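These notes are about the structure you will find just below.
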Amino acid sequence: MAETAASPTSADKNLAARVSPAKQLAEAFAAGSLAGTVELSEVPFLTMVGLRADAGSETATRLAAVTGGLPAGSGSVATKGDASVLWLGPSEFLVVAPTEAHESLGGDLIPALREALGGDSGQVVDLSANRTTFELTGPRARAVLEKGCSLDLHPRVFKAGTAFSTEIANIPAILWKTGEESFRIFPRASFAEFLGRWLLDAMREYASPEVP
């Protein structure tokens, strides 16, 4: 007897209906990337949650219990499992987690954070649709970013595992160095196409097969 395909769940339908902010650039990203030199891609639909809580408060302690910890200072990132918390300010943080952590797909991260906040002062805000994520990797990734980012990106200064709010090509973004040759860039969705095209142009000289 032939097996019948399982009916799509509401979560499947929800995810299938989404269109990422830079979807129209997917082919250009693939064509403009050169393996082993510099590669650019969009990582769409990550779960992002904005947190506000005073450092050392009971609220911060409860939120930290859900995320596995809150970063302690400028540029720091606290990671546990597949969720990371980026420091944006003395009482402001951004949680970044996989797509499936979102409550619309059955995830319990955001409800757990809201429960931890309770009625106390602070904020738990779903920002998943507010930004998209670009991943820039390879030995030329830093050189590409240096064309339009005012941060000192030298590895002695900007170390793997740190993240800062900055501007890239005059576009506000969060820049997270996830590895020695890998970066994640979080622009607002409305700026995604502009920044994506700028990154493609900036990496052109390195991604060309004519460049040694």
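The values are calculated or read from the model by the stated rules, or taken from the named source; none is laboratory data. Model, not experiment: these values are computed from the prediction. For neighbour counting, all protein chains shown are included, and Cβ atoms are generated from backbone atoms with ideal geometry for every residue, glycine included.
What the table shows:
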read-out	value
Among residues of the stretch 83-108, those that are surrounded by fewer than 21 Cβ atoms within 10 Å (Cβ to Cβ) and aliphatic (A, V, I, L, M), counted	3
Residue satisfying condition, being touching a helix residue (DSSP H, G or I) at 6+ places or on another chain (Cβ under 9 Å) and surrounded by 14 or more Cβ atoms within 10 Å (Cβ to Cβ), within set ALA129, ALA169, ALA160	ALA169
Selection count, the stretch 43-99, where residues are over 20 Å from GLU115 (Cβ atoms), part of a strand (DSSP E or B) and aromatic (Phe, Trp, Tyr)	1
Hits in the stretch 59-110 - residues which are farther than 18 Å from GLN123 by Cα, touching a strand residue (DSSP E or B) at 6+ places or on another chain (Cβ under 7 Å) and of a type in the set (D, E, K, R)	ASP82
Which listed residue is on the phi > 0 side of the Ramachandran plot and surrounded by fewer than 21 Cβ atoms within 10 Å (Cβ to Cβ), from GLY56, GLY73	GLY56
Subset tally (residues that are in contact with a strand residue (DSSP E or B) (Cβ under 7 Å, 6 or more places away or on another chain) and either within 21 Å of GLY107 (Cβ to Cβ) or at pLDDT below 95 (or both)) for the stretch 6-31	1
Sole residue being modelled with pLDDT under 95 and either surrounded by fewer than 21 Cβ atoms within 10 Å (Cβ to Cβ) or aliphatic (A, V, I, L, M) (or both), chosen from GLY148, GLY119	GLY119
Filter result for the condition that a residue is at pLDDT 95 or above, outside the structural domain of GLY179 (by TED's automatic domain parsing) and in contact with a Ser or Thr (Cβ under 6 Å, 6 or more places away or on another chain), over ALA53, ALA65	ALA53
